Amino acid sequence: MAVQHVPENLPERIQHFIGGEFTDSIDGDTFGVLDPVSNENYLEAAAGKQGDIDRAVVAARAAFDEGPWPRMLSRERARVLNRIADIVESRDERLAELETFDSGLPITQALGQARRAAENFRFFADLIVAQSDDTYKVPGKQVNYVNRKPKGVAGLITPWNTPFMLESWKLAPALASGCTVVLKPAEFTPLSASLWPEIFREAGVPDGVFNLVNGIGEEAGDALVKHEDVQLISFTGESATGKLIFANAAPTLKGLSMELGGKSPAVVFADADLDAAIDSTVFGVFSLNGERCTAGSRILVERAIYDEFVARYVQRAENIEVGNPHDPATEVGALVHPEHYAKVTEYIEIGKTEAKLAAGGGRPAGLESGNYVAPTVFVDVPPSARIFQEEIFGPVVAITPFDTDEEALRLANDVRYGLAAYVWTADLERAHNFGQGIDAGMVWLNSHNVRDLRTPFGGVKASGLGHEGGYRSLDFYSDQQAMHISLAPVHTPKFGVGEEDRG
Ligand code: NAD
């Protein structure tokens, strides 16, 4: 039985935060939130509906139309963003403690995510201060410049894996751009998001700029997507939800950024540094409990090293520490929710009929309750298998051998997703050529997911639409108005003066 760490001073209920005030839902409705170790409800969260979203959008709109935020100098907004980063950093341990309790993420990894959240604010603070926009000169005739303007009210809809960090990933560029926002966090994990209001208040974010509405996706999320006065939606979540949101946003023609699911390949060639490749591919799928969009959940291994790779990989997977998420020694904690646990374990049962189980395969010994899954390795997985094709989003990996580069590329691209890919080889030409051939938004050569915040982030195919990351995020939250100035009289054909004088 895993030991349970319960943080002190846990709230028993959490509210919305609208126009600078904490508030319940208009109809008083709430939903229960459980922790993934005891699977018992420890919290009631306000369940937002259409009326609550309406209130939040009105507050965000007023702050946008009348408040100082969109009109501030970049330096002033950057100061506030840096204060947010300072506060997040100063509370990283509390944040990680709450995140771990609510989501089941191992504490050391939750701490890393809290620090990354602070870094997101610092990064976008730097970016807006250093930002320049284009001007175009037509000598003697015209000068044109770009007038960048925040888009308006941004709806931010986030998933439950690394909740606080992913919220920061949207909040930082949206606020940096001068937008006002309505955040709808994932209903499985609303606890850490309940810290944002105080953080923003202390940092000096004006009332109405940041609004938080908790609730169920199909209710609060849906109302936000369909709201006429919301100019854009930044969504991270499942591909199926993304498709629905795309359709629901069409009647109000919103800007959309879609960060969706993945089934990313890690391709290991025989000439790779095998020690490093094993470290990396083990971490790449089992970190964050495998609940990671960029997880390298399909490992393709060149036949010449396949047996050795599998033997070593399985040994490592079997040694992974699974247990109490709050224990710093834990490497894989508890999956977020019993519903997700049921989904992951169902895939494991499917996998047993499709391929050879080499490690794990269910609940680890000694952990009879809580959403624990032993790191699970399937080998000799055929590309037609569902565990090769479908996103499981848990500590489950499919390993498949290949014989040639062509076959490896075909296998790498043979899924509907295209988020990330990892290529392991010592051959420079192959690394570039192979990497460039993969249908993925992001490719790492001889590395797991280590990302510079300036680089594009996003997927292709069913993994997403649009790229955020660096200035691309600022572009998403801004309009770029083209201003055309004439420097000399403009030749204008004179309509309505008769054929001879028309010019
Ligand atoms: P999900 O799609 O079930 O939910 C995500 C969010 O959308 C939640 O806040 C939910 O309440 C809301 N939602 C659900 N239905 C909605 C609707 N009809 N209208 C508006 N909002 C709605 O996803 P999840 O299970 O929370 O997260 C896991 C998924 O997220 C995985 O597929 C994972 O790959 C993906 N993900 C992608 C990235 C990326 O950057 N590409 C990052 C993290 C997670």
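The values are calculated or read from the model by the stated rules, or taken from the named source; none is laboratory data. Predicted model only: the values in this text are computed from it and were never measured. Please note: Cβ atoms are built from the backbone with ideal geometry, for glycine as well, and neighbour counts cover all protein chains shown.
Taking the conditions exactly as written (more than 24 Å from Val225 (Cα to Cα), touching a Pro at 6+ places or on another chain (Cβ under 8 Å) and surrounded by 15 or more Cβ atoms within 10 Å (Cβ to Cβ)), does Gly112 satisfy them or not?
No.
Return the total of residues in segment 222-255 being part of a helix (DSSP H, G or I), more than 7 Å from the ligand (Cβ to nearest atom) and closer than 14 Å to Ala154 by Cα.
4
For segment 282-337, enumerate the residues that are touching a helix residue (DSSP H, G or I) at 6+ places or on another chain (Cβ under 8 Å), part of a helix (DSSP H, G or I) and surrounded by fewer than 17 Cβ atoms within 10 Å (Cβ to Cβ).
Across segment 282-337, the qualifying residues are Glu308, Arg312.
Here's the yes/no breakdown for (1) acidic (Asp, Glu); (2) farther than 20 Å from Arg201 by Cβ; (3) surrounded by fewer than 21 Cβ atoms within 10 Å (Cβ to Cβ):
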residue	(1), (2), (3)
His16	no, no, no
Gly19	no, no, yes
Ser25	no, yes, no
Glu66	yes, no, yes
Met72	no, no, yes
Arg79	no, no, yes
Ser90	no, no, yes
Glu93	yes, yes, yes
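Can you report the number of residues in segment 24-41 which are in a strand (DSSP E or B) and touching an Asp or Glu at 6+ places or on another chain (Cβ under 8 Å)?
5
If you take the residues in segment 256-271 that are crowded, with 24+ Cβ neighbours inside 10 Å and more than 12 Å from the ligand (Cβ to nearest atom), which one is farthest from Ser297 (Cα to Cα)?
Per the stated criteria, the residue is Val268.
Just to be sure before I move on: is Val6 surrounded by fewer than 18 Cβ atoms within 10 Å (Cβ to Cβ), of a type in the set (A, V, I, L, M, F, W, C) and within 24 Å of Asn214 (Cα to Cα) in the structure I sent? Spell out the reasoning first.
Working: surrounded by fewer than 18 Cβ atoms within 10 Å (Cβ to Cβ): yes; of a type in the set (A, V, I, L, M, F, W, C): yes; within 24 Å of Asn214 (Cα to Cα): yes.
Considered against the rule, which asks whether it is surrounded by fewer than 18 Cβ atoms within 10 Å (Cβ to Cβ), of a type in the set (A, V, I, L, M, F, W, C) and within 24 Å of Asn214 (Cα to Cα), Val6 comes out as yes.
Can you pull out the strands (runs of 3 or more DSSP E) entirely within segment 47-158 that have at least 3 residues that are without any contact (Cβ under 8 Å) to a residue 60 or more places away in the chain?
Filter on segment 47-158 gives 135-138.
Identify, from the list Gly394, Gly366, the residue that is assigned by TED's automatic domain parsing to the domain that holds Val285, in a loop (DSSP other than H, G, I, E, B) and surrounded by fewer than 16 Cβ atoms within 10 Å (Cβ to Cβ). Reasoning before the result, please.
Working: Gly394 fails: surrounded by fewer than 16 Cβ atoms within 10 Å (Cβ to Cβ).
Only one candidate passes the filter, namely Gly366.
Examine segment 426-436 for a residue that is surrounded by 11 or more Cβ atoms within 10 Å (Cβ to Cβ), within 15 Å of the ligand (Cβ to nearest atom) and not β-branched (Val, Ile, Thr), and state whether such a residue exists.
Filtering segment 426-436 down to residues surrounded by 11 or more Cβ atoms within 10 Å (Cβ to Cβ) leaves 426-427, 430-435.
Subset that is within 15 Å of the ligand (Cβ to nearest atom): none.
Checked against the condition, which is being surrounded by 11 or more Cβ atoms within 10 Å (Cβ to Cβ), within 15 Å of the ligand (Cβ to nearest atom) and not β-branched (Val, Ile, Thr), segment 426-436 yields no hits at all.
Given the conditions (1) closer than 20 Å to Gln389 by Cβ; (2) surrounded by 15 or more Cβ atoms within 10 Å (Cβ to Cβ); (3) out of contact with any Gly (no Cβ under 9 Å at 6 or more places or on another chain), which single one is not true for Arg410?
(2)
All but one of (1) in a loop (DSSP other than H, G, I, E, B); (2) within 14 Å of the ligand (Cβ to nearest atom); (3) touching a residue at least 24 places away in the same chain (Cβ under 8 Å) hold for Ser473, so report the exception by its number.
Evaluating Ser473 over (1) in a loop (DSSP other than H, G, I, E, B); (2) within 14 Å of the ligand (Cβ to nearest atom); (3) touching a residue at least 24 places away in the same chain (Cβ under 8 Å) leaves (1) as the failure.
Is there a residue in segment 440-460 that is buried (at least 17 other Cβ atoms within 10 Å of the Cβ) and farther than 29 Å from Ile128 by Cβ?
Yes, segment 440-460 contains at least one residue that is buried (at least 17 other Cβ atoms within 10 Å of the Cβ) and farther than 29 Å from Ile128 by Cβ.
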